[in-house]
1. Could you say whether any residue in the stretch A:135-147 is basic (Lys, Arg) and over 21 Å from A:LEU29 (Cα atoms)?
2. Among B:PRO563, B:PRO567, which is free of Cβ contacts under 8 Å to residues at least 24 places away in the same chain, out of contact with any Leu (no Cβ under 6 Å at 6 or more places or on another chain) and part of a loop (DSSP other than H, G, I, E, B)?
3. Looking at (1) over 30 Å from B:VAL654 (Cβ atoms); (2) buried (at least 16 other Cβ atoms within 10 Å of the Cβ); (3) not small (Gly, Ala, Ser), which is the one condition that is false for B:PRO501?
4. Answer with yes or no whether B:VAL74 is part of a loop (DSSP other than H, G, I, E, B), modelled with pLDDT of 95 or more, surrounded by 15 or more Cβ atoms within 10 Å (Cβ to Cβ) and in the same structural domain as B:ALA154 (by TED's automatic domain parsing).
5. I need the full set of residues from the stretch B:270-280 which are within 15 Å of the chain's Cα centre (by Cα) and within 14 Å of chain A (Cβ to nearest Cβ), in order please.
6. Output the residues belonging to the stretch A:539-553 that are under 55 Å from the mean Cα position of the chain (by Cα) and in contact (Cβ under 8 Å) with a residue 40 or more places away in the chain.
7. Inside the stretch B:269-303, can you point out the residues that are in contact with a helix residue (DSSP H, G or I) (Cβ under 7 Å, 6 or more places away or on another chain) and either under 16 Å from B:GLU214 (Cα atoms) or acidic (Asp, Glu) (or both)?
8. Do we have any residue at all in the stretch A:100-111 that's assigned by TED's automatic domain parsing to the domain that holds A:VAL12 and over 28 Å from B:ALA341 (Cβ atoms)?
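The values are calculated or read from the model by the stated rules, or taken from the named source; none is laboratory data. What you see is a predicted model; the values in this text were computed from it and never measured. Here Cβ is always computed from backbone atoms with ideal geometry, including for glycine, and neighbour counts include all displayed protein chains.
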There are 2 protein chains.
Amino acid sequence: MSLESFFNPESVAIVGASRQKGKVGHEILTNMIGAGYEGRIFPVNPKADAIEGLECYPSLKAIGSKPDLVIVIVPAKAVPAVMRECAKIGVKSVIIITAGFKEVGEEGKELENQVLRIARQAGIRVIGPNCLGAIAPANKVNASFGGDLPSAGAIAYLSQSGALLAAILDMANASGIGFSKLVSIGNKTDIDELDLIKALGPDPDTKVIAGYLESISDGNAFVREAEQISHQKPILLMKSGATEAGAQAASSHTGSLAGSETAYECMFERAGIIRCESIKQQFDYAQAFANQPLPAGPRVAVITNAGGPGIMAADAIEQQGLTFAKLDDTTVAKLSAALPAAANVHNPIDVLGDALADRYELALEAALDDPNVDAVLVLLTPQAMTESAGTARVTVKMARQKPSKPILACFLGAAKVKEGVGILREGKIPQYDSPESAVGTIKAMADYARWRSRPKRVVKLFGVNRRKVENIVERHLRQSVYEIGEAESKEMLEAYGFVTPKGSIATTAEQAANIAQQLGYPVVLKIWSPDILHKSDVGGVKVGLKGEQQVRDAFDLMMYRIPKKLPEANILGVLVQEMCGGGKEVILGMNRDPHFGPLMMFGMGGIMVEVLKDVSFYPAPLTADEAKQMLLNTKTYQMLKGVRGEEGVDIEAVAEGLQRLSQLVTEFPQIQEMDINPYVVGPEGTTPIAVDARISVQQV
Amino acid sequence: MSLESFFNPESVAIVGASRQKGKVGHEILTNMIGAGYEGRIFPVNPKADAIEGLECYPSLKAIGSKPDLVIVIVPAKAVPAVMRECAKIGVKSVIIITAGFKEVGEEGKELENQVLRIARQAGIRVIGPNCLGAIAPANKVNASFGGDLPSAGAIAYLSQSGALLAAILDMANASGIGFSKLVSIGNKTDIDELDLIKALGPDPDTKVIAGYLESISDGNAFVREAEQISHQKPILLMKSGATEAGAQAASSHTGSLAGSETAYECMFERAGIIRCESIKQQFDYAQAFANQPLPAGPRVAVITNAGGPGIMAADAIEQQGLTFAKLDDTTVAKLSAALPAAANVHNPIDVLGDALADRYELALEAALDDPNVDAVLVLLTPQAMTESAGTARVTVKMARQKPSKPILACFLGAAKVKEGVGILREGKIPQYDSPESAVGTIKAMADYARWRSRPKRVVKLFGVNRRKVENIVERHLRQSVYEIGEAESKEMLEAYGFVTPKGSIATTAEQAANIAQQLGYPVVLKIWSPDILHKSDVGGVKVGLKGEQQVRDAFDLMMYRIPKKLPEANILGVLVQEMCGGGKEVILGMNRDPHFGPLMMFGMGGIMVEVLKDVSFYPAPLTADEAKQMLLNTKTYQMLKGVRGEEGVDIEAVAEGLQRLSQLVTEFPQIQEMDINPYVVGPEGTTPIAVDARISVQQV
């Protein structure tokens, strides 16, 4: 991987190495030595001859050879000079620990830009500044001041908060969690989360990529890369700054803008990224992903030596949307024959309070062999006869014998289960502090497995009249008009295969009556003026007109009253339009997120959308499955399907509408925001009508 | 308190005490001795002379004096004989550890009933059978086989799962959490959760009552008692068997029925009971409630030495519905003057990575003095200069100096913060493993504080015609008719002050036209038959009839067609009724829960109620505030208030409808189920109309 020199350097120079204990420049040096690093270490400090027994150099140049990696701890103002020195001797990898850059304001930002310019010119890759460093346990590299080298393992961790990484290290060391790589990305002036997942994706030592991020520099590129990687290994992200308060804190802290929450949510979903709510949850998940196979489905069997925790697990399984496995008859027979009469041989399998390890073993074997079981949760409470260590041993043994299904454990207690928990850890069985967190982890695994097995994304391309839309959009932009009016919005939709209500503009009552006659009654009249956006507010909409007289009356009243209310408005006439009745009203929309591009929206139309907020989002371009899933993600879907024997609407047609809209906004990045509201849909076989639309465009 | 002999007995007999290590009869004896119990212990075992140096008695009688508490460990079949012996010598308090009763089936149930009969006759109170025992650390009583005596503290814990209690004890001992009392209630044949909260309510050693329950024996009495106690001290319950899978597991395990989830939810809410989702959450909460004052409001200030965790806390504060405190100008000024320039002097107060304890101290003082702050969360990550112990010390000091606001801490890490965490525990500052769980705890405290400060519940009684309803209900029950028809349902509603649509029964088209004339058009026609419940399904409802001819036509068509479809139906005529248009349709309803009695329901009317499930529940009788809160708990409320400038409806009138319905179902326990759907409500000042109603009754 391209970041090899950071994680497995042949030699390391530490610029700003210090003799003084407690100083960062001393801590990094002793951490490198303490890790057992096998390459050469060159402390650089003009004021010292030797530090910790290593020869010290007055400058990088004085080393006489090119260090593979340079770690910089000198004060911020001295960093550009060090960078120039690095450039001169051909160094390609630098970690800048030093703080005092972008995060402290304009002056620091200028300094950081200067550093970046030097790096770019010389082809130097930089981690930091304002970071904790980088760690690679298997390579005995601890280029950080985060603490002792953790054990080697399959989890890579990248963090935008150095302090958090230090806390994670401390916790991981206490519980024996191992890592492949740990990186504090700091201000990520050069190397950012995208570079790191690119490097970690193909890294054979990394089975799980986990991270804490406050912002994502290039959202679109990141999720595109993440989507590729998620097919090979899971990415677990804790993304903070989710709420308004959080985002405020985020921008004051990192000087970077946080993306909008909805956009993150659906981009992460699309990319298969597993979003974690807390660091604890992230490590709950990471342990299982790193050490256990994925479940083939959602059916969970529980083995317990006490009823209470079994019920808690059952509750959690149902609440989280997993399935409480129904054991196969042969399993039940096997358990009945082997377990005491009082045992529960159905799920949760209760091996009873006096169970020794042997009962757990046979219950585990039976559950793992059961074709109706996708994952097994082993619960243990310390009772008088309980063999915590023995039970842990048989669990590890069964996991090795039958490695195709995930096994998670929750041994409740502390001192009494300590030995057992240690054996589980050693045997790579993830152990949880509560049934709920174990079940939550299985849920995350099942969701990820489902994501991995979804069919390949194929976006259907419809035959459309792209040129027509191009003309309309470009004309508006040339004239600096950024809101496209109803007529041309509908022309754009028609060009993309949407059907809009029939109708024409009338300039006299006579004409209006004629048009209505041709359309057939009832009709709708709408005032037609580029200057009137909210027609209803000025009495400019009249629906359900049923005859010539009503049409004439409505026309004349509009033409009389509205100019009085809005004397400045340029009124071009009145639109006479067919009524679209009998269908259900939904809204199809799009919002272009500054980071992630077009986000499609679907929901209930009319005023209900604002009250109930029953909408779903997904990034364009949409596949047919994704469009249908957007419908399924709303409660409106139930209504569309038909409630209480009432006839449903043409669901496929709604999904197709979303796909067509997705194609339109994908092909025209100038469209910033648009919605079709209401989109009136009728029973199967009928054509939905785009009754009204709003489109806004922008120069790109 | 009445259960004094269980928690502070003057002497204890252990019937079934054993010499054999590992046996429960041995473990309980050694646990009592190991706890340092100061009263006399009488082991009872005919086969031993002495156990663990204590003289052993062949029978209870042989002791020669009456033990204050008897613990029974003999096999189930021998328990009745021991109970009879207890009765004979006047023992009043017995803990039956022995299993093999109700939980193993019919035979065991019979045995348990026998035990209970003896106890009742002799006035003996019993904990168990099938339990772990009882513990009172301050009294040096460990009448259990749950493990070592925990330290004394302010939390009482009662558990329906003995194994879980053992695990809790083990965990608590590891983290130094103290208890006032711990009780395993087992099959709760006599003493149950209600007896225990009654005893723990006035217990001066108990500041927090916590428990794990799978079922509640007398739901109504329990929540009534809990509501009283909640005014003095919080009750934290983990109630499992919440979901279908859980409830199945629960009933197969404990042989007791779990109440319905909705009922539990709203009864707990009414009683101020704090429901916990996991044992971990319960102890997160319990620690804070036991050791910290309640916050006066929802405004939280965060102090941190690192940005990342500060953002996490800010996110959590917003997501959980708390308020991110806006610091007072004087606080900001104070902090600006005292902290380094790079520090964030707004919330979250970032004292920076190199902060020593002194910065935390001044930030804490400023935050506690700030009138805009109700609670303070202290975050710490272990960085190079961080003083974990020192920071813990100043936190404890500030908590003592300014004891009116709660302080919670989250020191992230393990080894590096261990000393600090110990000092916090010692100083009664609750410490959390993540910002999220600390914030969740503050939320629980703020909610409970709000519950405590709500005004006294006053249920308004309306002037009603109770006699009329009594007549209708009793006549139906005498005739074994359990569904009350539309006409009489409406009479009942009218007797309780509801307005129903005007109308009369017509038996000829002529009559129908006359009635319609009197009512004024438009009208509704409904077929009138005790045998037709779903009128629409047979074409028995016709709405919006606008003139005599339409009424005559509709009448004749119904009278011609319906008898053909339903030749058996006894058709009494056609109801001609005024149309209630222009309002919004809501549903008011009631379901009588077998445990908790009448639960009121409010929601959107029509088919939407089934799709969107936008309903709220609350137990009757309702106060005006509670009725209004039921409205507020739905999204429908937004629609009722009026969306987009649209006129709203008379909210007070809807709330009054709920209160009147609440009075009806409270005064008539025979009403099992009823709803008014639709209840049509118009703008302020108009009277809502109960358009349709269904009532079912039952003998009570």
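1. Of the stretch A:135-147, the ones basic (Lys, Arg) are A:140.
Remaining after also requiring over 21 Å from A:LEU29 (Cα atoms): none.
Looking for residues that are basic (Lys, Arg) and over 21 Å from A:LEU29 (Cα atoms), one finds none in the stretch A:135-147, hence no.
2. Numbers: B:PRO563 fails: part of a loop (DSSP other than H, G, I, E, B).
Being free of Cβ contacts under 8 Å to residues at least 24 places away in the same chain, out of contact with any Leu (no Cβ under 6 Å at 6 or more places or on another chain) and part of a loop (DSSP other than H, G, I, E, B) holds for just one of B:PRO563, B:PRO567, which is B:PRO567.
3. (1)
4. On the way: part of a loop (DSSP other than H, G, I, E, B): yes; modelled with pLDDT of 95 or more: yes; surrounded by 15 or more Cβ atoms within 10 Å (Cβ to Cβ): yes; in the same structural domain as B:ALA154 (by TED's automatic domain parsing): yes.
When the stated conditions are applied, B:VAL74 passes them.
5. Within the stretch B:270-280, the first condition is being within 15 Å of the chain's Cα centre (by Cα), and the residues that meet it are B:270-278.
Across the stretch B:270-280, the qualifying residues are B:ARG275, B:CYS276, B:GLU277, B:SER278.
6. A:VAL551
7. Once the filter is applied, which keeps residues that are in contact with a helix residue (DSSP H, G or I) (Cβ under 7 Å, 6 or more places away or on another chain) and either under 16 Å from B:GLU214 (Cα atoms) or acidic (Asp, Glu) (or both), the stretch B:269-303 yields B:ILE273, B:ILE274, B:ARG275, B:CYS276, B:GLU277, B:SER278, B:ILE279, B:ASP284.
8. The first filter runs over the stretch A:100-111 and keeps only residues assigned by TED's automatic domain parsing to the domain that holds A:VAL12, leaving A:100-111.
With over 28 Å from B:ALA341 (Cβ atoms) added as a condition, the list becomes none.
No, the stretch A:100-111 has no match at all.
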